[in-house]
Amino acid sequence: VYMPNWSAGFAPQAWWFGGALEMCGIEDLTIINTINGANRNVAFLNARNCWVKNVKSYNSNTAHFQTYLASHVEVRHCYCYGTLNAASQSYGLLWYYAADGLAEDNIFDRVASPLIVGSASQGNVNSYNYCTNMLYTVSPAWMLAAFSTHAGHNAFTLWEGNLATS
């Protein structure tokens, strides 16, 4: 538990809604999204100790990679290019309800918001990633943040050695 405001006096509780996907990975694969309805190219839902490595991901709708109720997920040595809408919610990697994840040595090209820490995510590491040409078509005069938090209850995120260029 990362948050320092936990106390037995508040009667904290934990829950888990079923069997988790464990020890599963995707490696050395190219994903080309041509369907507008597919929101994510890779999703880790109720997963732990899973990974993507050396994956080329093209034209995601919402996110190239996304977690939801996941821990110890690793995204490493991947290349993400473009999004279908180049507008709001066009992410490279969205840590969403995630803990203890690692995003390392990835390249994000023409992705509006490459690395986003969403709701209730703690202890994730984002290191040595490269972001370029952050395309946002809603207002061409804007350039969105390459590395950002985007919701409540995020904590203990490490950002180290990342580089973003326009």
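The values are calculated or read from the model by the stated rules, or taken from the named source; none is laboratory data. Because the structure is a prediction, the values reported are computed rather than measured. For neighbour counting, all protein chains shown are included, and Cβ atoms are generated from backbone atoms with ideal geometry for every residue, glycine included. Side chains are part of the model used for accessible areas, which takes the heavy atoms of the whole protein and leaves out ligands, DNA and RNA. Shrake-Rupley method; radii C 1.70, N 1.55, O 1.52, S 1.80 Å.
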For segment 46-58, enumerate the residues that are open to solvent by 40 Å² or more (accessible area, probe 1.4 Å), modelled with pLDDT of 95 or more and within 19 Å of Asp100 (Cα to Cα). Asn49, Trp51, Lys53
Could we say that Cys78 is among the hydrophobic types (A, V, I, L, M, F, W, C), over 18 Å from Leu115 (Cβ atoms) and surrounded by 11 or more Cβ atoms within 10 Å (Cβ to Cβ) here? no
Is there a residue in segment 20-34 that is hydroxyl-bearing (Ser, Thr, Tyr), in contact (Cβ under 8 Å) with a residue 24 or more places away in the chain and under 21 Å from Gly123 (Cβ atoms)? no
In the set Tyr2, Tyr58, the lone residue that is assigned to a strand (DSSP E or B) and aromatic (Phe, Trp, Tyr) is Tyr58
Looking at (1) hydroxyl-bearing (Ser, Thr, Tyr); (2) under 19 Å from Trp159 (Cα atoms); (3) open to solvent by 10 Å² or more (accessible area, probe 1.4 Å); (4) at pLDDT 95 or above, find the lone condition where Thr67 falls short. (3)
Could you count how many residues in segment 12-38 are more than 15 Å from Gly82 (Cβ to Cβ) and either part of a loop (DSSP other than H, G, I, E, B) or modelled with pLDDT under 85 (or both)? 12
Residues that are touching a strand residue (DSSP E or B) at 6+ places or on another chain (Cβ under 7 Å) and either at pLDDT below 95 or open to solvent by less than 40 Å² (accessible area, probe 1.4 Å) (or both), drawn from segment 81-95: Gly82, Thr83, Leu84, Ser90, Tyr91, Gly92, Leu93, Leu94, Trp95
Filter pass, Asn61 being touching a Gly at 6+ places or on another chain (Cβ under 8 Å), surrounded by 15 or more Cβ atoms within 10 Å (Cβ to Cβ) and either of a type in the set (Ser, Thr, Tyr) or under 23 Å from Asn133 (Cα atoms) (or both): yes
Tell me whether segment 102-124 contains one or more residues that are touching a residue at least 12 places away in the same chain (Cβ under 8 Å), small (Gly, Ala, Ser) and exposed (fewer than 15 other Cβ atoms within 10 Å of the Cβ). no
